[in-house]
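Quick notes on the structure that follows.
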Amino acid sequence: MSPEAFVGALLRRWYVLLLALLLTAAGAYHVLKPTQLYRASAVVVLKPPVTGNQPNQLANLQPTLATVSFDVVQQLGTPAGLAELAAAGVHGVYTLAPRNSGTNATPQYLIPSLQITADESDPNAADAVAQRVIDVYTAHVVALQNGEHVPSAARMTVSVLVPPNAALLSGTKSRGLVGVAMLGAFGGITAALWTDRWLLTRAKRRRPALAPA
């Protein structure tokens, strides 16, 4: 397509560009005035029982405990676990992620700590959802040990290292505006060219065929 034909197609379908401009303005307004979202973050750790050799539980965090913690996280990710979380009042966006105790070069998940996040429009609601996730996680750890008849002195316990604390999520508005502008320009031009081609093809088909000589 030549530059003249390109410009002519855009001029003929100016109303498509106008509609794209309005949609882009609406998207830009949403970027400038976003809906407030709060994220509550908490950290829990699965501690081993107190022993004579290791009275400090935090100094005796073994990889096997991390395996048990990850197994509980997988249980909560099953349909039955999701239903249990929903019954406990856990809704919206939330995550349960084992914390990395290694480095970027050698990533390892050896320490049984778990980071829990919950996103809500209200900070108190986000904290409440994160606390409910902690309660369900703790209940699963207790139920796991009850099923194995683990004695009280040899039981693992869940400790909250960082209690739920909600903070306002804020993105970079300049990047959002650039993305909306690029998406609006590309979508508007593409829609205008496609509409012009479709209408011209339709008009050609409607023209009566020439009578044979």
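The values are calculated or read from the model by the stated rules, or taken from the named source; none is laboratory data. Since this is a predicted model, take the numbers as computed values, not measurements. Neighbour counts run over all protein chains shown; Cβ positions are idealised from the backbone, glycine included. Side chains are part of the model used for accessible areas, which takes the heavy atoms of the whole protein and leaves out ligands, DNA and RNA. Shrake-Rupley method; radii C 1.70, N 1.55, O 1.52, S 1.80 Å.
Brief remarks on what is shown
- Test: THR157 is at pLDDT below 90 and open to solvent by 30 Å² or more (accessible area, probe 1.4 Å): yes
- Residue match in region 34-42 (condition: hydrophobic (A, V, I, L, M, F, W, C), at pLDDT 90 or above and surrounded by 12 or more Cβ atoms within 10 Å (Cβ to Cβ)): yes
- Counted residues, region 162-208 - those being open to solvent by 90 Å² or more (accessible area, probe 1.4 Å) and either over 30 Å from ALA25 (Cα atoms) or assigned to a helix (DSSP H, G or I) (or both): 15
- Filter result for VAL141 (more than 21 Å from the chain's Cα centre (by Cα), surrounded by 15 or more Cβ atoms within 10 Å (Cβ to Cβ) and either without any contact (Cβ under 8 Å) to a residue 60 or more places away in the chain or in a helix (DSSP H, G or I) (or both)): yes
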